[in-house]
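Enquirer: Quick one: the structure is below, and I'll ask about it shortly.
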Amino acid sequence: MRMTIVTSAALQRIGTSATIAMTQKAREMKARGEDVIVLSAGQPDFDTPMHIREAAFEAMQRGETRYPPIAGIPDLRRAIVDKFRRENSLDYTFEETIVCTGGKQVIANALLATLNPGDEVVIPVPGWVSYAQLAEFCGAKPVLVETKLDTEYKLTPEALDMSITAATRWLIFNNPCNPTGAVYTRSELSALADVLTRHPQVMILTDDMYEHIRYDGIEFATFVEVEPSLRERTLTMNGVSKSYAMTGWRIGYGGGPRALIAAMEKLQTQLTSGACSIAQWAAVSALEGPQDYIGESRAAFEARRNLVVGRLRSIDGLECPTPKGAFYAYPSCAALIGRKAPLGKIIETDEDFALELLATAKVAVVHGGAFGAGPNFRVSYAASTREIEVACDRIDEFVRSLK
Ligand SMILES: Cc1ncc(COP(=O)(O)O)c(C=O)c1O
C-alpha cells in the first residue's frame with residue numbers, strides 16, 4: 001500500500017517557482033524533440049570564465065574537499081569585504097559577512113531567522129518570484145506594492161510609506177529589478193531611505209544580484225552607501241550567479257549587522273553546514289581575479305536588449321518599456337487579453353498567453369502574474385542573437401494569429 005505523504009502547513013502555503021516550472025516544461029518538450037526556444041530561464045548563456053573554473057579545479061587538487069566553515073571560507077569572506085569596499089564603498093567587517101548556497105539562500109536564511117506569524121514583508125511588484133513565497137513559508141504576510149509603467153516600475157516614496165505598518169519587519173528591494181529591469185538612481189534611493197529612516201522597525205533586504213548588468217552607462221548605488229544610518233538594519237545581498245555566469249555553482253553572499261549574520265549562521269549550521277567548498281574557491285577567483293567578463297557580457301547583453309526591445313515594440317498589441325538593467329524584457333500584453341489563440345483557447349490572463357505561446361509558437365517565457373502583477377510576460381534575453389531573432393519572429397507570428 002502506498003503511503004500518502006502529508007505535507008506541512010508551511011509547504012502548503014507556497015507554490016513551485018514559476019520560472020523553474022516553465023523552464024522545466026520547455027526542457028521536457030525539447031527532450032521530446034520539439035523545437036522550443038527557452039527564454040524563461042534567469043541565467044546567462046555564457047560559460048563561467050576559464051580562470052574561475054581553473055580555480056575550482058586547483059581547489060579540488062589541493063584537497064579543499066572537506067566541510068567548510070559554516071559562514072564561508074575565510075578567503076571568500078575577505079574577498080567579499082574587499083568587494084563591498086572596492087565596488088560599493090561599504091565597510092563591512094569579516095564577521096559581518098556570510099556565504100550561502102546561492103543568493104536565494106541568503107534571502108531564505110534571513111527571513112527564516114527573523115520572521116514570525118503576523119509579521120509583514122513589503123515587496124514591490126512586479127518582483128522576483130521567490131520573495132513573497134518565502135515570506136509566506138515563514139508564516140508572514142507579503143504586502144505587495146504595485147509599481148507602474150509610468151514610474152518605470154519603480155517604487156515611489158509615497159507608495160513605500162503607505163505600505164508600512166507597525167507589523168512591517170522587512171522591505172525586500174531588488175535593484176536592478178528582475179523582471180522589469182528598473183534601476184534606481186542615487187537620488188531615488190535617497191528619497192526611499194528618507195521614508196525608511198522614519199520607520200525604525202523595518203529591516204531592509206537589498207537584493208543587488210544584477211548589480212553589474214546595467215546599460216546606457218547608468219550608475220549603481222545601494223542603500224547603505226546612500227544612507228549609512230541604515231547600516232544597522234540592512235542586509236546587502238549579492239552573489240556570483242549573474243555577474244560571473246555562475247548560476248550552477250550556487251554561491252551567494254550578504255553583508256549585514258553582526259547579530260543578523262550570526263542568526264543566519266546559526267540556521268545554516270542546521271540546514272546546509274555551509275556552501276560547497278570548491279564553489280567557494282571558484283567565487284574567490286571570481287571576486288578577486290580579472291574582471292573582463294563583466295564588461296564583455298554587459299556589452300553583449302546590451303546589444304541583445306536593444307534587439308529584443310526593438311523587435312517586441314514593433315509587434316502590434318505589445319507595449320515594451322526599455323529595461324535599464326538585468327537581462328529581461330517585460331512587455332505588457334494587456335491589449336491581447338480576450339483574444340482567441342489558434343488552438344481555440346481564449347486568452348484571459350497573461351498565464352494563458354504564455355502557455356499558448358509555448359504550445360503554438362514553441363517559445364517559453366514567464367507570465368507576469370508569477371511576479372505579482374500583469375498582464376505582462378518576461379522574456380529573458382540571455383540567449384544567442386539567433387535564438388532571440390527566431391523567438392521574436394515566432395512571437396510576432398503568434399500575436400498576429402490571435403483573433
Ligand atoms: C532578483 C534575484 N535574486 C536572487 C536570485 C537567486 O540567485 P541565486 O541563483 O544565486 O540563488 C535570482 C535568481 O534568479 C534573482 O533573479
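Nothing in this text is a laboratory measurement; each read-out follows from the coordinates by a stated rule. Fair warning: this is a prediction, and the values are worked out from it, not measured in the lab. Cβ coordinates were reconstructed from backbone atoms using ideal geometry, including for glycine residues, and neighbour counts include every protein chain displayed.
Enquirer: Output ³J(HN,Hα) for the stretch 212-217: one whole-Hz value per residue in order, computed from phi by the Karplus curve 6.51 cos²θ - 1.76 cosθ + 1.60 with θ = phi - 60°, and x for Gly and Pro.
Expert: 8, 9, 8, 10, 6, x
Enquirer: Using the Karplus equation 6.51 cos²θ - 1.76 cosθ + 1.60 (θ = phi - 60°), what ³J(HN,Hα) coupling, rounded to whole Hz, does each residue of the stretch 236-245 give in order, writing x for Gly and Pro?
Expert: 8, 10, 7, x, 9, 3, 8, 5, 10, 6
Enquirer: Take the alpha-carbon centre of the stretch 257-335, take the same for the stretch 135-183, and report the distance between them in whole Å.
Expert: Cα centres, the stretch 257-335 to the stretch 135-183: 18 Å.
Enquirer: Could you calculate the FRET efficiency of residue 82 with residue 349 from 1/(1 + (r/R0)^6), where r is the beta carbon distance between them and R0 is 56 Å, rounded to 0.05? Mind dumping the intermediate values first?
Expert: Values: r = 47 Å, r/R0 = 0.83.
Efficiency, from the Cβ-Cβ distance: 0.75.
Enquirer: Also, quick follow-up: In what sequence do 173, 57 fall when counting other Cβ within 10 Å, fewest first?
Expert: So the ranking, lowest neighbour count to highest, is 57, 173.
Enquirer: Students often get this wrong: which residues of the stretch 259-289 have the backbone nitrogen under 17 Å from the point 7 angstrom along Cα-to-C-beta of residue 75?
Expert: 275-289
Enquirer: Now for a different question. Around residue 61, with a cut-off of 15 angstrom between Cβ atoms, what is the net charge of the other residues, counting Lys and Arg +1 and Asp and Glu -1?
Expert: On the way: positive: 53, 62, 66; negative: 54, 58, 64.
Local net charge: 0.
Enquirer: Divide the volume of the convex hull of the Cα atoms of the chain by its number of residues and quote the answer in cubic angstrom per residue. Each step should come with its number before you reach the end.
Expert: On the way: hull volume 65.5 nm³, N = 403.
Dividing the Cα hull volume of the chain by its residues yields 163 Å³.
Enquirer: Given the Cα-Cα distance of residue 292 and residue 186 and 0.36 nm per residue of separation, how much length would full extension add, in nm?
Expert: 35.6 nm
Enquirer: While we're here: Helix 277-288 versus the longest principal axis of the chain: what is the Cα-based angle in degrees, 0 to 90, to the nearest 10?
Expert: Helix 277-288 sits roughly 90 degrees off the main axis of the chain.
Enquirer: Using 0.36 nm per residue, how much length does the chain from residue 393 to residue 337 gain when fully extended, once their Cα-Cα distance is taken away?
Expert: On the way: separation 56, 0.36 × 56 = 20.16 nm, distance 2.04 nm.
Taking 0.36 nm per residue and subtracting the Cα distance, the gain is 18.1 nm.
Enquirer: Pop a pseudo-label 7 angstrom from the Cα along the beta-carbon direction at both residue 299 and residue 32 and give the gap in nm to one decimal.
Expert: Each label point lies 7 Å from its Cα, and together they span 4.2 nm.
Enquirer: Which cross-chain or sequence-distant (5 or more) residues have an amide H under 5 Å from the amide H of residue 143, H modelled 1.01 Å from N in plane?
Expert: Excluding prolines and chain starts, which carry no amide H, the hits are 121, 122, 123.
Enquirer: I need 371, 94 ordered by Cβ neighbour count within 10 Å, fewest first.
Expert: Details: 371 28, 94 12.
Result, fewest neighbours first: 94, 371.
Enquirer: On to the next question. In terms of the ratio Rg/(2.2 N^0.38 Å) built on C-alpha atoms, what value belongs to the stretch 64-288?
Expert: Here the answer is 0.96, to two decimals.
Enquirer: Okay, next question. Excluding residues on the same chain fewer than 8 positions from residue 324, give the lysines whose Cα lies under 22 Å from its Cα.
Expert: 148, 154, 242
Enquirer: Quote the FRET efficiency, to the nearest 0.05, computed for residue 60 versus residue 201 with a Förster distance R0 of 45 Å and r equal to the Cβ-Cβ distance.
Expert: Values: r = 46 Å, r/R0 = 1.03.
Using R0 = 45 Å, I get an efficiency of 0.45.
Enquirer: Taking amide hydrogens as modeled 1.01 Å from N in the peptide plane, which residues meet the under 5 Å criterion relative to residue 213, leaving out close sequence neighbours?
Expert: Those lying under 5 Å, H to H, from residue 213 are 326.
Enquirer: Note the direction-averaged projected area, equal to a quarter of the hull surface, for the Cα convex hull of the stretch 255-403, in nm².
Expert: Values: hull surface 48.9 nm².
Answer in nm², one decimal: 12.2.
Enquirer: Please list, ordered by chain and number, the residues whose modelled amide H lies under 5 Å from the amide H of residue 168; skip anything fewer than 5 residues away on the same chain.
Expert: Under 5 Å from the amide H of residue 168: 120.
Enquirer: Indicate, rounded to the nearest 5 percent, the antiparallel portion of the DSSP beta bridges found entirely in the chain.
Expert: Numbers: 16 of 36 bridges.
Expressed as a percentage, antiparallel bridges in the chain total about 45.
Enquirer: Set the Förster distance to 30 Å, then compute FRET efficiency between residue 162 and residue 14 from the Cβ-Cβ distance, nearest 0.05.
Expert: On the way: r = 27 Å, r/R0 = 0.89.
Between residue 162 and residue 14 the formula returns 0.70.
Enquirer: Give a residue-ordered list of calculated ³J(HN,Hα) values for the stretch 58-72 (Karplus: 6.51 cos²θ - 1.76 cosθ + 1.60, θ = phi - 60°; whole Hz; x for Gly, Pro).
Expert: 4, 4, 5, 4, 6, x, 7, 10, 9, 3, x, x, 4, 8, x
Enquirer: Hey, fewest Cβ within 10 Å first, where do 204, 52, 20 land in order? Kindly include the intermediate steps, with their values, before the conclusion.
Expert: Values: 204 22, 52 25, 20 15.
The fewest-first ordering by Cβ neighbours comes to 20, 204, 52.
Enquirer: Let me ask something additional. What share of the DSSP beta bridges in the stretch 64-288 is antiparallel, in percent to the nearest 5? Don't skip to the end; give the middle numbers.
Expert: On the way: 8 of 26 bridges.
Roughly 30 percent of the beta bridges in the stretch 64-288 run antiparallel, per DSSP.
Enquirer: So what's the back-of-envelope 222 nm ellipticity for the chain, counting only DSSP H runs of four-plus at -39500 (n - 2.57) apiece and dividing by all residues, rounded to 500?
Expert: Taken over the chain, the calculation gives -12500 deg cm²/dmol.
Enquirer: Working out 0.36 nm times the residue gap between residue 271 and residue 259, then minus their Cα-Cα distance, what length gain in nm do you get to one decimal? Walk me through the intermediate numbers first.
Expert: Values: separation 12, 0.36 × 12 = 4.32 nm, distance 1.85 nm.
2.5 nm is the gain from fully extending residue 271 to residue 259.
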